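To start, the structure under review is shown below, and the notes come after it.
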């Protein structure tokens, strides 16, 4: 556990996932401020009385960061950070920080950089607006001239990164055509973040890809050949993909277009659902992942893998299956466990 301290601001009680996101970057949540509202307030996301309460606590406790469990407008971000005097991340910014921390390969780093630049564009516009009003945001140690230059740099960088990603996507498509010509059958493993995708890939291929109990531990696709018990490779390629998560804006998902293309081009999609989740969480994650798979035209080739089945009893399995059966419909499904090998261990035939 790290020693960076943070507080959470939220308009509702469902803050567990944001806490896990914060912990992924080694932040310790020292307090959560909840103000139940239907819509965020202007100008601080929460009311003025609540922001003063947060300011007092932040000063006394020496927190390093404020995390908002929602999406801030540029003006809300600016007003809150200026008033409280602590750096402020909304949910998307926090996820982008995790992406940046996890991105190792060139393509993943480019995708994360593209997402960051798309996120920053409206905030740079807000700072330009503030400097024109005579304020001094302190952005990049300068005024309107530096901010305007940064905004132009963002636009140029976005264009360049898009071109670089298109080139990498063409290389990927060429590789997939080669695999297809060789007779390989492509299977994409998808699901909500931390659903057990990397563990399943390791079990089926005999690989030892690092598995972490962290959100978004996988950002780049990893493709390996499936093995039989004898160790013989078969013409099945398994691809571990980036995990989904709720409330991501479409521009952020689009930044990973080339990665998602791998799912669309696959012959089959194994959609993992963590059956150890409670029914409400399981249903929400199932709805989101099915929607995203449908959006990339891959729903017709889904088989559902109800993962981490070793963590639930037979009675819990049936109860939770009933809870999501209307979403699964008549699609094939299987309970499986990468840990015990239940319904996972490759055939010897």
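The values are calculated or read from the model by the stated rules, or taken from the named source; none is laboratory data. Predicted model, so just to flag it, every value in this text is computed and none were measured. Glycine gets a Cβ as well: all are built from the backbone with ideal geometry, and neighbour counts include every protein chain shown.
Below are the figures for this structure:
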| item | result |
| --- | --- |
| Matching residues in segment 87-102 - criterion: being crowded, with 19+ Cβ neighbours inside 10 Å and more than 12 Å from the chain's Cα centre (by Cα) | 88, 89, 90 |
| Filter pass, residue 277 being in a loop (DSSP other than H, G, I, E, B), modelled with pLDDT of 90 or more, surrounded by 14 or more Cβ atoms within 10 Å (Cβ to Cβ) and assigned by TED's automatic domain parsing to the domain that holds residue 205 | yes |
| Single residue of 51, 7, 34 found to be in contact (Cβ under 8 Å) with a residue 12 or more places away in the chain, at negative phi and more than 25 Å from the chain's Cα centre (by Cα) | 51 |
| Selection within segment 55-82 - touching a helix residue (DSSP H, G or I) at 6+ places or on another chain (Cβ under 6 Å) and either over 25 Å from residue 248 (Cβ atoms) or assigned by TED's automatic domain parsing to the domain that holds residue 117 (or both) | 55, 58 |
| Residues satisfying the stated conditions in segment 294-320, i.e. surrounded by 14 or more Cβ atoms within 10 Å (Cβ to Cβ), over 20 Å from residue 200 (Cα atoms) and modelled with pLDDT of 90 or more | 316, 320 |
| Residue list for segment 168-208, restricted to those being in a loop (DSSP other than H, G, I, E, B) and out of contact with any helix residue (DSSP H, G or I) (no Cβ under 7 Å at 6 or more places or on another chain) | 182, 183, 184, 193, 194, 195, 196, 206 |
| Options 318, 284; residue that is out of contact with any helix residue (DSSP H, G or I) (no Cβ under 7 Å at 6 or more places or on another chain) and free of Cβ contacts under 8 Å to residues at least 24 places away in the same chain | 318 |
| Residue 73 being under 20 Å from residue 118 (Cα atoms) and surrounded by fewer than 19 Cβ atoms within 10 Å (Cβ to Cβ) | yes |
| Residues of segment 1-33 satisfying the condition of being touching a helix residue (DSSP H, G or I) at 6+ places or on another chain (Cβ under 7 Å) and assigned to a loop (DSSP other than H, G, I, E, B) | 25 |
| Matching residues, segment 10-22, being free of Cβ contacts under 8 Å to residues at least 60 places away in the same chain, within 21 Å of residue 97 (Cβ to Cβ) and touching a strand residue (DSSP E or B) at 6+ places or on another chain (Cβ under 9 Å) | 15, 19 |
| Criterion violated by residue 234 - all others in (1) in contact with a helix residue (DSSP H, G or I) (Cβ under 9 Å, 6 or more places away or on another chain); (2) at pLDDT below 90; (3) in a strand (DSSP E or B) satisfied | (1) |
| Residue list for segment 67-83, filter: touching a strand residue (DSSP E or B) at 6+ places or on another chain (Cβ under 8 Å) and in a helix (DSSP H, G or I) | 76, 77, 79, 80, 81, 83 |
| Residues that are within 21 Å of the chain's Cα centre (by Cα) and over 12 Å from residue 70 (Cα atoms), drawn from segment 18-31 | 19, 20, 21, 22, 23, 24, 25, 26, 27, 28, 29 |
